[in-house]
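None of the figures in this text is laboratory data; all of them are computed from the coordinates on show. Treat the numbers as computed from the prediction; the structure is a model and nothing was measured.
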């Protein structure tokens, strides 16, 4: 069964292509984004410049994307990943750059308090995500395009197999 791919434009009018097919854009993407759940709440982080968003970042040298996802969650939230599932990829084509990110869903087993959360102010726990996130200035632009919406719909369709 072929999965539908999506194309739309982000907050900065960059072209975004999204796929839930395995390694659709790259086998070795250089960025990760992790939708996290801790107990019954969504686990996000407050980026110092962008606002509230799910954790993510760059894949470091000699690190796999999966390893980067686990590391970024811990660095930005103190969350210990219990279960990590790659659900898709997206590609952002900007004027001078192309960024490809793996999208993950992670169940978090433990939330450790840390002295330093790198470029974030640490964890943000939410029982529900706001319906009007696009208009809410406290949320990062990363949360305001079709990647989040379509990823949440994908997760809902696969809720039972992922035990969400």
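Here are a few things to note about the model shown:
- nm² value of the averaged projected area, convex hull over the Cα atoms of segment 1-95: 7.6 nm²
- Full extension of the chain between residue 133 and residue 62 yields a length gain of 22.0 nm, computed as 0.36 nm times the residue separation minus the alpha carbon distance.
- Relative to the current alpha-carbon distance between residue 110 and residue 12, full extension at 0.36 nm per residue lengthens the span by 31.8 nm.
- Percent breakdown of C-alpha pair distances by 10 Å bin, ordered from the shortest bin, for segment 6-156: 11, 43, 38, 7, 0
- Summarising the strand pairing of the chain, around 80 percent of its internal DSSP beta bridges are antiparallel.
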